[in-house]
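Down below is the structure, laid out as structure tokens.
The values are calculated or read from the model by the stated rules, or taken from the named source; none is laboratory data. Computed from a predicted model, the values in this text were never measured in an experiment. Every residue, glycine among them, receives a Cβ derived from its backbone with ideal geometry; neighbour counts consider all protein chains shown.
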């Protein structure tokens, strides 16, 4: 099936129907493996057992940023290539990405309290992640409160692309401003700085979360397509009633 | 007279005649800054310390409120359609409206900020630093705000939606503006780095703002 | 050592609990929204309205 076929909502729905159970199943299996590995992973010599929070906090951060990247590609699809399902993809991804960013901030605070002594600090990375959450909420407001869904989607797409500048800021903020949050230890030049016994469970959990993201995303896209069908049929219903009355 | 200048002058005349314009923005700034000591308490040393932050927040909120009507009035009477169809590039037209908005809203804020600084017990030398950061930073607030104004005009929902969209984008300007102001007043951190970043943010917004706002208008008003 | 662990375990459990709650909410939203839309579509189709593409297929 070519990519162009995915532009047809009906074909997309049948694709989702086939793929979705596998995504849920795969996510569940990977999570079970990941949680077992997390449970058995060694404690950090400085932070003790609280490093177990990292196995949620870091994947959630990655997914929060990945969600915005998915939305940015969808925004280009809406504005530049006029792909019919692009705005559906963007609208569906926003609440999911926002939820993972929220998880990142909360678990970060719960991790910070026993290790740094404070729930929150206004350093560059925390602040830019908070700004990311605020931008998510703004985009969600545009998608969901617009009277004309088409206009709302296009406005949201523009805001998505404007907000995309926040992603490199988040990534490099720990390098540019050396304050409290620890610098990059996984994706940096010179290779990873984490021991394999901690790295592998982290990657497994990240994979599980990613599969979960896409399962939720496809399901939300399916729901959005159905919602638009309901709206179309309601419009036909209203028109028919108006004509019958006339 | 170039079309650009004509547009700027037209917007300035409209802003000053209709709805008070420059004076209204300055008045709101005054009221907000006046209310802060009521909320914070009359401790003069505390007020002097947070004075720059209060001035910056007041400037941000006053700019935000004035943005609401920036495109909405033109959209309602059809002149926005004319601008979009005209020969002047839309980005340039929007930049012109941004310049007019800053001249009628941002600049008056900067000019009355020393008076308000007196009320907040900010000393004179410090006030000069704050005014400098404001004059450099308020264009960024206006031009970033253009994006939110363009996004919300097409949706016919002003006010709160505009604030929700614009405030996260202006957070860096606020951070560096207050940081530069405090560095200049209290030290010991140097004034230079946050101030130059503030200048950079303003210059960037002069370009990014009109382009993003033009895209928002074109796509939003199809 | 166990004292430190006891102090930390609350934060660890809270983190995992928040995550489970948020993920469960997301899954719940997706599932409930799906059945709501299916129900609405079913009601509308019963009333005899159909989309143009459905009519063209039939």
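Out of all the residues in the stretch A:69-78, is one or more surrounded by 21 or more Cβ atoms within 10 Å (Cβ to Cβ) and either farther than 22 Å from residue A:152 by Cβ or out of contact with any helix residue (DSSP H, G or I) (no Cβ under 6 Å at 6 or more places or on another chain) (or both)?
To start, the set of residues in the stretch A:69-78 that are surrounded by 21 or more Cβ atoms within 10 Å (Cβ to Cβ) comprises A:70-71, A:74-75, A:78.
Now restrict to residues that are either farther than 22 Å from residue A:152 by Cβ or out of contact with any helix residue (DSSP H, G or I) (no Cβ under 6 Å at 6 or more places or on another chain) (or both): none.
No, the stretch A:69-78 has no match at all.
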Residue count, the stretch B:139-182 (criterion: out of contact with any helix residue (DSSP H, G or I) (no Cβ under 7 Å at 6 or more places or on another chain), in a helix (DSSP H, G or I) and at positive phi)
0
With more than 25 Å from residue B:125 (Cα to Cα) and assigned to a helix (DSSP H, G or I) as the only criterion, which of B:46, B:23, B:30 stands out?
B:23
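What about residue A:58, is it touching a strand residue (DSSP E or B) at 6+ places or on another chain (Cβ under 7 Å), modelled with pLDDT under 95, assigned to a helix (DSSP H, G or I) and within 14 Å of another protein chain (Cβ to nearest Cβ)?
Numbers: touching a strand residue (DSSP E or B) at 6+ places or on another chain (Cβ under 7 Å): no; modelled with pLDDT under 95: yes; assigned to a helix (DSSP H, G or I): yes; within 14 Å of another protein chain (Cβ to nearest Cβ): yes.
No, not satisfied.
Would you pick out the residues in the stretch A:156-168 that are modelled with pLDDT of 90 or more and in a helix (DSSP H, G or I)?
Across the stretch A:156-168, the qualifying residues are A:156, A:157, A:158, A:159, A:160, A:161, A:162, A:163, A:167.
Tell me the residue from B:169, B:141 that is closer than 30 Å to residue B:75 by Cα, within 14 Å of chain A (Cβ to nearest Cβ) and surrounded by 22 or more Cβ atoms within 10 Å (Cβ to Cβ), please.
Details: B:141 fails: within 14 Å of chain A (Cβ to nearest Cβ).
None of the others qualify; the one that does is B:169.
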Only one of (1) assigned to a helix (DSSP H, G or I); (2) away from chain A (no Cβ under 12 Å) is not met by residue B:209, so which one is it?
(2)
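Could you tell me whether residue B:184 is within 30 Å of residue B:94 (Cα to Cα), out of contact with any strand residue (DSSP E or B) (no Cβ under 7 Å at 6 or more places or on another chain) and crowded, with 20+ Cβ neighbours inside 10 Å? Explain how you work it out, then say what you get.
Details: within 30 Å of residue B:94 (Cα to Cα): no; out of contact with any strand residue (DSSP E or B) (no Cβ under 7 Å at 6 or more places or on another chain): yes; crowded, with 20+ Cβ neighbours inside 10 Å: yes.
Taking the combined requirement at face value, the residue does not satisfy it.
What number of residues within the stretch A:101-148 satisfy the criterion of being assigned to a loop (DSSP other than H, G, I, E, B), farther than 19 Å from residue B:220 by Cα and touching a helix residue (DSSP H, G or I) at 6+ places or on another chain (Cβ under 7 Å)?
If we filter the stretch A:101-148 for residues that are assigned to a loop (DSSP other than H, G, I, E, B), which is where we start, we get A:117-123, A:146-148.
Remaining after also requiring farther than 19 Å from residue B:220 by Cα: A:117-123.
Going one step further and asking which of them are touching a helix residue (DSSP H, G or I) at 6+ places or on another chain (Cβ under 7 Å), we end up with A:118-120.
Of the residues in that region, 3 qualify.
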Residues (more than 20 Å from the chain's Cα centre (by Cα) and surrounded by 17 or more Cβ atoms within 10 Å (Cβ to Cβ)) located in the stretch B:28-47
B:37, B:47
